[in-house]
Amino acid sequence: MKFTRRTTAVAVLSLSAALTLAGCAGSSDDANSSSASGGSSSGGKTTVTFLPKNLGNPYFETSDAGGKKAVDEFKGTYQEVGPDTASPDAQVQYINTAAQQGVKALVISANDPKAICSAINDAQSAGTKVVTFDSDTSPDCRDLFINQASAEGIAKSQIDLIADQIGDAGEIAILSASANATNQNAWIDMMKTELKKHPKIKLVDTVYGDDDDQTSFDKTAALLQSHPNLKGIISPTTVGIAAAARYLSTSSSKGKVMLTGLGTPNQMRDYVKDGTVKAFALWNPGDLGYLAAYAAKALVDGDITGKEGDKFTAGDLGDFTVGADGTVLLGDPFVFDASNIDKFKF
Ligand code: RAM
């Protein structure tokens, strides 16, 4: 049922293919509702509001469905709200509303490390626990960060994948999410460090598709035009890699310019099968949301405060310990390719 908690980095494991996240997908029946329809703080229930970078991204549909599954298990009340665009301060109004409603915990993937901090601090003063997941704020803004995998591990997996696909030599570019995204920026920094081990690979450009499908598609076209010798693209965002694959799949660069990054198996399956993409990575977004919801509950119940060494149990995922900077680590990234992609339905 669970994806890959204590796995070895980037190893293709003999996973029991019983990844049944589909069981929770589509169950976020409160999605898009921006009002809690009353009673958020009533009845002593653990009210948890998920606030993704933006709505309409299958990655967050899966992660937030995992959150809902956990909230249902502990008989709390789940809600998902969020902006349409992943811009730095677009989440502020949703944080303010949740605080006014008295929700007990907010679980946020931040579009910017600082822009939402003051709204978060107001919410905390009003008694709301704040957990970031997927993309952090500055550590001093929130109670806990649920990290999908270490930045080093993600960066190494991305560089290993592209190096393997382009024969460890040539020009590459990065197609990222939004320019301020805490998670992608941390990964890109680490990728630059990792690239020092690959002296024949040259990073010639980094562009931003804003986690918007059309912008990412257009940026891919522009990259190929401005860099005729490009050998590879890394897109460490599920929106970016899917849009880039769609562009490449019908272009003359298909199979010549290699594309890897972080993607969901459902969005990438056709492009792996038609030869546009050889391999890419991700973790299980459903497990990430599930873990974040249990961490939120542990904070609300006072079982943990978010300090290093705090321990809590996250349902089926088992026991976790808070590490440095109030961070909890889910696991390692996993590589998908033609040999395993059909086992994953998310
Ligand atoms: C997109 C978002 C998200 C990131 C994934 C890999 O869905 O940018 O924050 O973690 O890609």
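Numbers for the structure displayed
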| quantity | calculated |
| --- | --- |
| Filter result (in a helix (DSSP H, G or I) and under 21 Å from Thr49 (Cβ atoms)) within segment 318-339 | Gly326 |
| Checking Thr260 against (1) away from the ligand (no atom under 14 Å from the Cβ); (2) of a type outside the set (A, V, I, L, M, F, W, C); (3) not in a loop (DSSP other than H, G, I, E, B), the condition it does not meet | (1) |
| Strands (runs of 3 or more DSSP E) within segment 92-155 that include 2 or more residues free of Cβ contacts under 8 Å to residues at least 40 places away in the same chain and not assigned by TED's automatic domain parsing to the domain that holds Thr260 | 129-133 |
| Scan of segment 188-226 for residues that are away from the ligand (no atom under 14 Å from the Cβ), more than 15 Å from Asp160 (Cβ to Cβ) and assigned to a loop (DSSP other than H, G, I, E, B), ordered by number | Pro199 |
| Members of segment 307-339 that are at pLDDT 95 or above and out of contact with any strand residue (DSSP E or B) (no Cβ under 9 Å at 6 or more places or on another chain) | Lys307, Gly315, Asp316, Leu317, Gly318, Ala324, Ser339 |
| Cβ-Cβ under 8 Å pairs, at least 6 apart or on other chains, segment 169-185 side closer than 15 Å to Ser226 by Cα and near the ligand (Cβ under 8 Å from one of its atoms), far side assigned to a strand (DSSP E or B) and aromatic (Phe, Trp, Tyr) | none |
| Check on Asp211, crowded, with 20+ Cβ neighbours inside 10 Å, at positive phi and among the charged types (D, E, K, R) | yes |
| Residue in segment 86-101 that is in contact with a helix residue (DSSP H, G or I) (Cβ under 7 Å, 6 or more places away or on another chain), within 16 Å of the ligand (Cβ to nearest atom) and closer than 13 Å to Ser135 by Cα present | no |
| Residue check, Ile108 under 19 Å from the mean Cα position of the chain (by Cα), within 16 Å of the ligand (Cβ to nearest atom), under 21 Å from Asn54 (Cα atoms) and crowded, with 21+ Cβ neighbours inside 10 Å | yes |
| Residues located in segment 254-264, provided they are touching a residue at least 12 places away in the same chain (Cβ under 8 Å) and surrounded by fewer than 20 Cβ atoms within 10 Å (Cβ to Cβ) | Lys254, Gly255 |
| Hits in segment 228-239 - residues which are within 16 Å of the ligand (Cβ to nearest atom) and either charged (D, E, K, R) or more than 19 Å from Lys156 (Cα to Cα) (or both) | Val239 |
| Matching residues in segment 54-85 - criterion: being within 14 Å of the ligand (Cβ to nearest atom), hydroxyl-bearing (Ser, Thr, Tyr) and over 15 Å from Ser135 (Cα atoms) | Thr62, Thr85 |
| Candidate set from segment 274-294 (those that are of a type in the set (A, V, I, L, M) and assigned to a helix (DSSP H, G or I)); member that is surrounded by the fewest Cβ atoms within 10 Å (Cβ to Cβ) | Leu288 |
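The values are calculated or read from the model by the stated rules, or taken from the named source; none is laboratory data. If you're wondering where the values come from, they're calculated on a predicted model, not measured in any experiment. Every residue, glycine among them, receives a Cβ derived from its backbone with ideal geometry; neighbour counts consider all protein chains shown.
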